[in-house]
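Below is one structure; the comments refer to it alone.
The values are calculated or read from the model by the stated rules, or taken from the named source; none is laboratory data. Computed from a prediction, not measured in an experiment: that's the story for all the values here. Reconstructed Cβ throughout: ideal geometry from the backbone, glycine too, with neighbour counts over all protein chains shown.
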Amino acid sequence: MARPREHDEATRERLLQAAEAVTAAEGWDALTVRRVAQEAGTSTRAVYTLFDSKAGLEQALHTAFFERLRDLLKASPRSEDPRADLIELALAYRRWAVERPQRYELAMHRFIGPFARPRSQEGLAVARGALDELRGVVRRCQEAGVIDAGHELEAVVRQMQVTAHGLAEFENLAVLGEDPDRFWRDTVSALLAGLSNGKPPHLKSQTP
């Protein structure tokens, strides 16, 4: 009879949750193997068994962050209207960003950019998978004429990323007003309106 695993998936999840909570509340300098094990109610051995090292724990945290985003984007509705689908995709990103603001800040400021922490190949594949969901709907918009063919695909993808990130940052600062959902819809719609004719979008001035 096989010996049961001493450290199982439930322990792994508790450790990831503890790592997220510690870093969100106190910053990355507070993240130690001993502290995470203590917060999760287990031993340092469990951390090393499941993640190999502190770096492995950080990489697993990155993967978990972006698995949530990828899954939300995959679950976003697809219809015969790619424009509507792209707006819904932006709102799926919104859900990821605002459901746990501290996690979002960690994901953006620890794992993205020139000073990002090392990420595992698994984590990078998950993040690319999330981006591919966006890329696919943008491509459908181009094929349907919702976005002018003169706009390069990757440039539009980046514009969508920047727009969504800016909206998320402002919403998490509670400065998007009383109806942030409408603010998101109007902003993404304005971006698409500008992209539909090959000209840069024109957004009405709005004071948060």
query: Give me the pairs: first residue in the stretch 168-187 and on the phi > 0 side of the Ramachandran plot, second residue in a loop (DSSP other than H, G, I, E, B), beta-carbon distance under 9 Å, and six or more apart or on different chains, which are they?
result: Gly177/Gln206; Gly177/Pro208
- line: If we keep only residues of the stretch 85-107 that are buried (at least 16 other Cβ atoms within 10 Å of the Cβ) and at pLDDT below 85, then the residue nearest to Asn172 (Cα to Cα) is Arg103
query: Out of all the residues in the stretch 177-192, is one or more modelled with pLDDT under 95 and in the same structural domain as Glu80 (by TED's automatic domain parsing)?
result: yes
- request: Check Gly113 against each of (1) under 28 Å from Leu61 (Cβ atoms); (2) surrounded by 15 or more Cβ atoms within 10 Å (Cβ to Cβ); (3) not acidic (Asp, Glu) and name the one condition it does not meet.
  value: (2)
- prompt: When Glu39 is evaluated against the numbered criteria (1) surrounded by 15 or more Cβ atoms within 10 Å (Cβ to Cβ); (2) acidic (Asp, Glu); (3) under 22 Å from the mean Cα position of the chain (by Cα), which criterion, by number, is the only one it fails?
  reply: (3)
- prompt: Of everything in the stretch 160-182 that's within 21 Å of Asp81 (Cα to Cα) and surrounded by fewer than 19 Cβ atoms within 10 Å (Cβ to Cβ), which residue is farthest from the chain's Cα centre (by Cα)?
  reply: Arg182
message: Can you go through Ala125, Ala155, Ala149 and tell me which one is touching a helix residue (DSSP H, G or I) at 6+ places or on another chain (Cβ under 8 Å), free of Cβ contacts under 8 Å to residues at least 12 places away in the same chain, more than 20 Å from Leu91 (Cβ to Cβ) and of a type in the set (Gly, Ala, Ser)?
response: Ala149
